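Here's the structure we're looking at; comments come further down.
The values are calculated or read from the model by the stated rules, or taken from the named source; none is laboratory data. Since this is a predicted model, take the numbers as computed values, not measurements. Reconstructed Cβ throughout: ideal geometry from the backbone, glycine too, with neighbour counts over all protein chains shown.
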Amino acid sequence: MNKTAFNELHKKAGGKLVEFAGFEMPIEYSGIKDEHLTVRKSVGVFDVSHMGEFWVKGPNAQELVSKITSNDPRILKPGQAQYSCFPNGKGGIVDDLLVYCYEPEKYMLVVNAANIEKDWNWVVSQNDVGAEIENASGRVSQLAIQGPKALETLQKLTNINLSEVKFYTFVTDKIAGVDDVIISATGYTGAGGFELYFRNEAGQKIWNSIFEAGKEFGIKPIGLAARDTLRLEMGYCLYGNDIDDTTSPIEAGLGWITKFNHGRKFIDREYLMMQKTEGVTRKLRGFVMLEKGIPRHGYELVNSAGAIIGNVTSGTMSPMLNKGIGMGYVAKEYSAFGTRIFVKIRNKTITAEIVKLPFI
């Protein structure tokens, strides 16, 4: 099993470690609800070093990235990032990812840990334009510092004015005395904050510096379980649950990252344009439980007559709302906000309501 540069620190902090995407990762420390509320109200630190990083460089870098991603990297200026996905050529999604633009001939693609090999093989197979590509996943560590006190915490460690690093932009500078750290105003929690990328060997120094800087705010390490509840409250998709090789970005409500600008050619363009124009038969929607019950991945969604109209892709008890919340694909005719649907939990059907995302 792979280990990140922070493995021993997780054990010292009392992390409960499990296997995730081939890595030994902390699922929780002080408890999911406590960690969740720490991020919403103060600041928490996630080890996300298991994520993958690919470099795409050279004169044809932009051409390759534009071909293989749904969003339009040509609109990015140096220092900007965008959320995107890899269409799979069959109307589905290989993975979702972040695209970082350093310059027109240099991009970094950040992909999901479970899909590193699959994604790398996909990028290699599509590189018919001769772009220089490099899988740097094993050499890069990543920490996500998230929450309303994240900026104040990190500001102690750098001369960069972090308030000028706007959402979905990044700089490369010194932090905690370590050079060449990518400081990115991105994250998967909706609570604000930054993601830092750096060489593995700088990991412990940066970790210790962050926890010292955040001590006055009650900073805590946060596990993968709270990462999941935080992203679900925001209605953010999780690959393997809400999106996969059988779901299109249009069905998943990701039309906003599917750009048909200026006749740009990209994989599945025609199919996705048809879906956008003609509509889809199912849609990914958020729902809130109106009765006691927690929806779980795979549960059936039914109408008042008990006929199956969809399925739950993600579900949990929201620590902020103290209600069961979920996401799932539902037949188009049940997708309007305010529609009553029912979740089959064991032998009961529990009432829920389709709502607009995010939940909070």
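Among the residues in the stretch 188-198, are any within 18 Å of the chain's Cα centre (by Cα), among the aliphatic types (A, V, I, L, M) and buried (at least 22 other Cβ atoms within 10 Å of the Cβ)?
yes
Among the residues of the stretch 232-285, which ones are assigned to a loop (DSSP other than H, G, I, E, B) and acidic (D, E)?
The answer is D242, D244, D245, E251, D268.
Scan the stretch 177-196 and give yes if some residue there is over 30 Å from P87 (Cα atoms) and among the charged types (D, E, K, R), otherwise no.
Yes.
Inspect all residues belonging to the stretch 239-246 and state whether any of them is touching a residue at least 60 places away in the same chain (Cβ under 8 Å), crowded, with 16+ Cβ neighbours inside 10 Å and β-branched (V, I, T).
yes
Quick check on this structure: which one of G293, G315, G328 is buried (at least 23 other Cβ atoms within 10 Å of the Cβ) and either out of contact with any Ser or Thr (no Cβ under 7 Å at 6 or more places or on another chain) or aliphatic (A, V, I, L, M) (or both)?
Exactly one residue qualifies, and that residue is G315.
Can you tell me how many residues in the stretch 298-319 are outside any loop (DSSP other than H, G, I, E, B) and either over 12 Å from I341 (Cβ atoms) or touching a His at 6+ places or on another chain (Cβ under 8 Å) (or both)?
Going through the stretch 298-319 one residue at a time, the tally reaches 7.
In the stretch 215-222, is there at least one residue being within 22 Å of the chain's Cα centre (by Cα), within 21 Å of N115 (Cα to Cα) and touching a residue at least 60 places away in the same chain (Cβ under 8 Å)?
No, that holds for no residue.
When you go through (1) touching a Lys or Arg at 6+ places or on another chain (Cβ under 7 Å); (2) under 30 Å from F211 (Cα atoms) one by one for S66, which number turns out not to apply?
(2)
Out of curiosity, is N115 polar (S, T, N, Q), over 22 Å from I182 (Cα atoms), under 16 Å from the mean Cα position of the chain (by Cα) and not in a strand (DSSP E or B)?
yes
Looking for whichever is within 19 Å of I32 (Cβ to Cβ) and touching a Gly at 6+ places or on another chain (Cβ under 8 Å) here; the options are G310, G326, G286. Which one fits?
G326
For the stretch 7-44, what are the residues that are in a loop (DSSP other than H, G, I, E, B) and either among the polar types (S, T, N, Q) or outside the structural domain of N200 (by TED's automatic domain parsing) (or both)?
Result: S30, S42.
Could we say that T229 is buried (at least 16 other Cβ atoms within 10 Å of the Cβ) and either assigned to a loop (DSSP other than H, G, I, E, B) or hydrophobic (A, V, I, L, M, F, W, C) (or both) here?
So T229 fails the test.
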